[in-house]
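Read the structure below first, then the notes.
The values are calculated or read from the model by the stated rules, or taken from the named source; none is laboratory data. Keep in mind that this is a model prediction, so the values were computed, not measured. So basically every Cβ, Gly included, is an ideal-geometry build from the backbone, and we count neighbours across all protein chains shown. SASA here: full protein model, heavy atoms, side chains in, ligands and nucleic acids out. Shrake-Rupley method; radii C 1.70, N 1.55, O 1.52, S 1.80 Å.
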Amino acid sequence: MRFSCVKGCAACCEVKGYVYLTEENILAAASYLGMPAADFEAAYVYRTRHTRRLRKPRDGRQCFFLENKRCQIHPAKPTQCRLFPFWPELVAEPKAWRRTAKFCPGIGTGRLVQIGTALERAEEMRRAYPDHYENAE
């Protein structure tokens, strides 16, 4: 597998869907923005009993933190964002990887990522979001 982020690309951030969060993601983003975690959560997080995800802006954008194709919380971005495209459902399924490559210009470019490394990253995603992946075996 080859992958390298393409400078100036934010295609993965513009795909419709949700960005799920861990408690650590909330604390890191709040700290990076210099705000209390409770305030960050009140402004940006939708929480249910089992799920935490970023709220979406009402203006149709996919993320509050994407401005001019740049992540404004890049050093503290959520696990899901940091690990893309090495998600279990993409690494395990060649068709899904190829489908993702249609909108992600970084797939198929850059250095070779060994399958073992890709699987380790995918496992990190499973550990971060166990409720999302518990029935995906």
Sulfur and carbon atoms: percent of accessible area, segment 25-79 [1.4 Å]: 47
To make sure I understand the rule: partners must be lysines, Cα under 17 Å from the Cα of K69, and not fewer than 8 residues away in the same chain. Which ones qualify? K7, K16, K56, K77
Using a 1.4 Å probe and ignoring any ligands, DNA or RNA, find the accessible area of S31 and quote it in Å² to the nearest 10. 90
For segment 1-54, with the dipole built from +1 on Lys and Arg beta-carbon atoms and -1 on Asp and Glu ones, taken about the Cα centre, which of Y32, V45, A10 lies farthest toward the positive end? A10
Amide H of R55 versus every other amide H placed in the peptide plane: which residues, excluding those fewer than 5 positions away on the same chain, fall under 5 Å? V45, Y46
Treating only the Cβ of Lys, Arg, Asp and Glu as charged (+1, +1, -1, -1), what charge dipole size does the chain show about its Cα centre? Round to the nearest 20 debye. 620
Keeping every protein chain present and rolling a 1.4 Å probe, give me the accessible area per residue for the chain in Å². 64
Its Cα gyration tensor gives segment 16-64 an equivalent ellipsoid whose semi-axes in whole Å, largest first, are 17, 13, 9
How big is the gap, in Å, between the Cα center of segment 30-48 and the Cα center of segment 54-90? 15
Please tell me the relative contact order of the chain in percent, rounded to the nearest whole number, where contacts are Cα pairs under 8 Å and at least six residues apart. 35
Long-range amide H partners of F3 with built H, under 5 Å: G108, T109, R111, V113
At most 16 other Cβ within 10 Å, DSSP loop - trypsin sites (Lys or Arg not before Pro), segment 42-108: R49, R55, R58, R61, K69, K102
Note down the Stokes-Einstein diffusion coefficient of the chain in µm²/s, whole number, using a Kirkwood radius over alpha carbon pairs, 10 °C, and 1.306 mPa s. 100
Rg/Rh for segment 39-115, where both radii come from Cα atoms and Rh is the Kirkwood radius: 1.02
Per-residue HN-Hα couplings for segment 109-114 [Karplus 6.51, -1.76, 1.60; θ = phi - 60°; Hz; x = Gly/Pro]: 10, x, 6, 6, 9, 4
